[in-house]
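The block underneath contains the structure these notes are about, expressed in structure tokens.
Only the coordinates and a few stated rules stand behind these numbers; no lab work does. Being a predicted model, the structure only gives us computed values, none of them experimental. Methodologically, a virtual Cβ is constructed for each residue, glycine included, from the backbone with ideal geometry; neighbour enumeration extends over all protein chains shown.
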Amino acid sequence: MADNNELTTELDSMAIILHAGNAKSCAFEALKEVKERNTEAFTRKITEAKEEIKLAHRAHAELLRKLSSENRMKEVDLLLVHAEGHLSSTDIAVDMIRELGEIYQWKWSLSNE
């Protein structure tokens, strides 16, 4: 049976996965919107994605601080490693989609001149 520390680490890891997943969903919704020239919806969705990724990073930092302060850094488990991988790939996706959105908008501004 899992002890309380293990359960807390699992819940904290799941918080990272939750917020990173929300960020990725919002980012891909933003990409869909910008492709359809819905720039306001793109801006709203990419802003949501950035807020969710901030929450994921905050949850990650808090978990690492907690493990460090309790001298439990050796207790990093597979779920936390998965959460960190998910966070990293999502962070890159959100940044790339934001850049793509800006390129789409720039392209349309050139065709409107």
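For this structure, a couple of remarks:
- Listed by chain and number, the lysines whose C-alpha is less than 28 Å from the C-alpha of Lys54, apart from same-chain residues fewer than 8 away, are Lys24, Lys32, Lys35, Lys45, Lys66, Lys74.
- Sorted peptide list for 62-72, 11-21, criterion being average Cβ within 10 angstrom, highest first: 11-21, 62-72
- Subtracting the Cα-Cα distance of Val76 and Leu18 from 0.36 nm times their residue separation leaves 19.0 nm of extension gain.
- Label selected from (i) 15.3; (ii) 14.3; (iii) 15.8, the criterion being Kirkwood radius over Cα pairs in Å as computed here: (i)
- GNM result for the chain, Cα springs below 10 Å: residue of Lys45, Lys74, Lys24 fluctuating most strongly: Lys74
- Ordering of 87-95, 32-40, 52-60 by burial proxy (mean other Cβ atoms within 10 Å per residue, highest first): 52-60, 87-95, 32-40
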